[in-house]
Amino acid sequence: MFAEFFTPEQIAILTQIILIDLVLAGDNAIIIGMVASKFPPEQRKKVIFWGIGGAVILRIILTLLTAYLLQITGLRLIGGLLLLYIVYKLYVDVIKGSETEEDIKVDSSSFLKAIWTVLLADFTMSLDNVLGVAGAAGEHYGLLVFGLVLSIVLMATAATLISGWIKKYRWIAWLGLLAILIVAVELIYTDIKILFF
């Protein structure tokens, strides 16, 4: 029954999207949790609510923009190169296990500053997720929407669990990196083929 709705190509794309989301979506919620932890309990819920709300809006805007921009010849090449950098950065951060928590300075004196910290961190971290998912989905817009919804659900609910899995089972991180690497190579190859052949 499952095969009736999805072709083998779509199942492969869906698998790539899930792996990319598993590796990338957790980071955003961890940032929100870290920033929120600096506040008293009554403000903590507000930081989490506004942080995730802002992240969801950012993710929707970035997904729509990226899906459109990746149709333009030349930008897929740039997107692919950016994803290669992301693969390297994730390899250093996730696989080698360097601590990224020290890089985030949280000013707990102001609620608005905390929200700004979350949004800024989320913008930079959402970009890699959106690029990976949009690149993997290609012109399969239904799968692109699925990837967007999945990343939001994972970010809002299961980030701590996912980060624990990745620390415990390194192969999940390796599979995620491989999925992003495949997307990067496909994006670069598509544009090189159009531009030079």
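The values are calculated or read from the model by the stated rules, or taken from the named source; none is laboratory data. Bear in mind that the values here come from a model prediction, so they are computed numbers and not experimental data. Neighbour counts run over all protein chains shown; Cβ positions are idealised from the backbone, glycine included.
For residues in the range 27-48 being of a type in the set (Gly, Ala, Ser) and crowded, with 19+ Cβ neighbours inside 10 Å, which is modelled with the lowest pLDDT? If you could, list the steps in order and put the result at the bottom.
So the first thing to find is which residues in the range 27-48 are of a type in the set (Gly, Ala, Ser), and the list is 29, 33, 36-37.
Those left that are additionally crowded, with 19+ Cβ neighbours inside 10 Å: 29, 36.
Numbers: Ala29: 66, Ala36: 72.
Looking at residues that are of a type in the set (Gly, Ala, Ser) and crowded, with 19+ Cβ neighbours inside 10 Å, I get Ala29.
What number of residues within the range 66-80 are surrounded by 14 or more Cβ atoms within 10 Å (Cβ to Cβ) and either in contact with a strand residue (DSSP E or B) (Cβ under 6 Å, 6 or more places away or on another chain) or assigned to a helix (DSSP H, G or I) (or both)?
Residues that pass the stated criteria total 9.
In this structure, does Thr63 turn out to be polar (S, T, N, Q) and assigned to a helix (DSSP H, G or I)?
yes
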